[in-house]
Amino acid sequence: ICRVELPAGTLADLEKALCDPHGPMFGSYPWSRLLFYTENEPSRPLNPNLQMDAFHSLVIKRGDVEAFLDKFPHVGKFLEAMASNKFDPKSRNFDISWTAEKRPAVNAEHLVQEFLSGLPAHADSGLHFVQIFGKLTALGEDWRMLDLALLQSFDHGLKRFKHCVSQHWLELARVAATSMISEAIPIIFPATLLLKMNDRGYAVDCSLIGHDFPSNFDRSFIDSLKLNERRPNVKWRDVAHTLLTLDWSPEEGISSLQGLLNKIQQEPCEFASLKHQEVSQMLHLQLRLSCCRVAEVKGPINQACVKMLAELLAYKLKILKFQSVLDLKTQMSGFEADANHRGTLVLVTDLPASTGKIFGWPHRMVLCYNAEGQNAAALERSNSAKAD
């Protein structure tokens with residue numbers, strides 16, 4: 001419950017006031033989107049340019065998923081196409097001319113819910129799914145090797161490249177959006193296929209990070225990948241290159257990307273001693289940080305992995321052992337990036353249980369829950385989903 005005093009203005013002005021991270025609704029994500037409705041029409045969003053004084057009362061809902069579907073309009077197009085197997089050359093519905101750019105807009109909210117059905121979803125699952133699947137497929141649409149028409153000129157295995165990779169990314173987003181990172185990650189994903197950019201910001205290649213091929217890759221596709229020297233590995237150059245590609249944003253400029261790519265040559269001494277499982281966790285940790293800005297971990301994590309990520313991606317790192325929410329906020333309050341860093345990263349260890357959401361804005365957050373806190377955190381997340 002909060003009070004906002006605005007003498008006049010539009011619904012957009014009201015949204016700005018309510019979403020102000022230093023305002024009365026500080027508990028809300030500062031990048032949240034709010035949607036306004038009337039009680040008579042609770043399913044039709046109002047135009048944000050309407051004047052507030054035209055309404056005696058309003059129904060207000062968070063619209064984070066809608067906001068990111070606007071940012072990634074191709075998500076709905078992909079989900080619709082995949083639901084009818086339009087990427088699979090073996091399917092009667094195969095559409096060789098399909099591209100996201102040519103397809104009409106799709107109302108994707110119900111598709112997101114359908115693809116998450118049956119999973120232990122929490123309040124932010126839909127949002128995180130759109131952010132992760134949106135990022136992966138946006139990179140993919142810019143890579144010529146995922147063009148359906150072009151692929152049909154290659155061997156039988158590569159003809160199904162877009163179908164297999166899109167299914168792989170879909171499952172990756174589903175799992176990341178509904179569960180914490182755990183020791184089971186390398187079992188669920190023996191390898192993760194991610195793209196690599198050149199120094200001009202274009203996707204030009206891919207790498208499989210892990211110890212074996214993803215389970216949804218069929219034999220002919222695997223054989224084609226092997227023929228093209230694309231095998232699962234945990235080499236620093238491939239790991240670092242895929243993580244840089246995930247994390248860099250065009251808004252930062254090409255010079256920023258080129259500076260990051262130079263770091264691929266500098267393998268940290270500690271990397272060679274990491275187990276395959278730790279490299280996999282490191283990869284999935286950064287996937288969630290790059291797309292959602294928060295990564296929750298079940299149990300402890302090798303802090304060397306987080307330190308390597310911070311160094312590679314030019315984050316200013318702070319490591320905190322959880323004492324209380326108030327102590328956490330106090331220790332983070334004066335922490336900010338400088339000219340040598342792209343942003344800030346906070347690793348919080350020994351979280352005993354979720355006491356509600358840990359809001360880290362503007363920091364990226366790695367939250368490690370200890371054994372006693374895992375079930376409580378899961379219950380809290382489930383209750384939040386039911387409340388929403």
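Looking at the range 248-355, the trypsin sites (Lys or Arg not before Pro) that sit in a DSSP loop and have at most 14 other Cβ atoms within 10 Å of their own Cβ are LYS275. What part of the accessible area of the chain, given as a whole %, is carbon or sulfur when the probe is 1.4 angstrom? Carbon and sulfur atoms account for 50 percent of the accessible area of the chain. Set the bar at 27 Å for Cα to Cα. Now go through LYS71/LYS196; LYS226/LYS275; LYS71/LYS329; LYS263/LYS318; LYS71/LYS162; LYS71/LYS102 and name every pair that lies beyond it. Table pairs above 27 Å Cα-Cα are LYS71/LYS329. Per-residue ellipticity at 222 nm from helix content only, as computed over the chain with -39500 (n - 2.57) for each DSSP H run of at least four residues, stands at -12500 deg cm²/dmol.
Pairwise alpha-carbon distances in the range 79-130 exceed 19 Å for 40% of all pairs. Along the axis of the charge dipole computed for the chain (Cβ charges of +1 for Lys and Arg, -1 for Asp and Glu, origin at the Cα centre), the listed residues LEU347, TRP236, THR99 are led at the positive end by TRP236. Using DSSP to define loop residues, name the chymotrypsin sites (Phe, Trp or Tyr not before Pro) in the range 48-116 whose beta-carbon has at most 16 other beta-carbon atoms within 10 Å. Counting only loop positions with at most 16 other Cβ atoms within 10 Å, the chymotrypsin sites (Phe, Trp or Tyr not before Pro) in the range 48-116 are PHE55. Based on alpha-carbon centroids, what's the gap between the range 142-187 and the range 50-72 in Å, whole number please? A separation of 34 Å, based on Cα centres.
Around the Cα centre of the range 208-283, unit charges on the Cβ atoms of Lys, Arg, Asp and Glu (plus for the first two, minus for the last two) sum to a dipole of about 280 debye. The shape of the range 200-250 can be summarised by an equivalent ellipsoid whose semi-axes, obtained from the alpha carbon gyration tensor, come to 23, 12, 10 Å from longest to shortest.
With K and R counted +1 and D and E -1, the other residues having a Cβ less than 13 Å from that of ARG144 yield a net charge of -3.
Seen from all directions on average, the range 58-187 presents a Cα convex hull projection of 9.4 nm².
Restricting the trypsin sites (Lys or Arg not before Pro) of the range 151-229 to loop positions (DSSP other than H, G, I, E, B) with no more than 13 neighbouring Cβ atoms within 10 Å leaves ARG200.
At 25 °C and a viscosity of 0.890 mPa s, what translational diffusion coefficient does Stokes-Einstein give for the range 228-337, taking Rh as the Kirkwood radius over Cα pairs? Give it in µm²/s as a whole number.
D, rounded to a whole number, is 158 µm²/s.
Along the chain, the longest continuous region that contains none of the GluC sites (Glu not before Pro) in a DSSP loop with at most 13 other C-beta atoms within 10 Å is 40-182. The percentage of C-alpha pairs in the chain whose separation is greater than 27 Å is 53%. Considering only beta bridges that DSSP places wholly inside the chain, some 40 percent are antiparallel.
The values are calculated or read from the model by the stated rules, or taken from the named source; none is laboratory data. Just so it is clear, the model here is predicted, and its values are computed rather than measured. Every residue, glycine among them, receives a Cβ derived from its backbone with ideal geometry; neighbour counts consider all protein chains shown. Ligands, DNA and RNA are stripped out before the accessible areas are found, and what is left, the full protein with its side chains, is counted by its heavy atoms. Shrake-Rupley method; radii C 1.70, N 1.55, O 1.52, S 1.80 Å.
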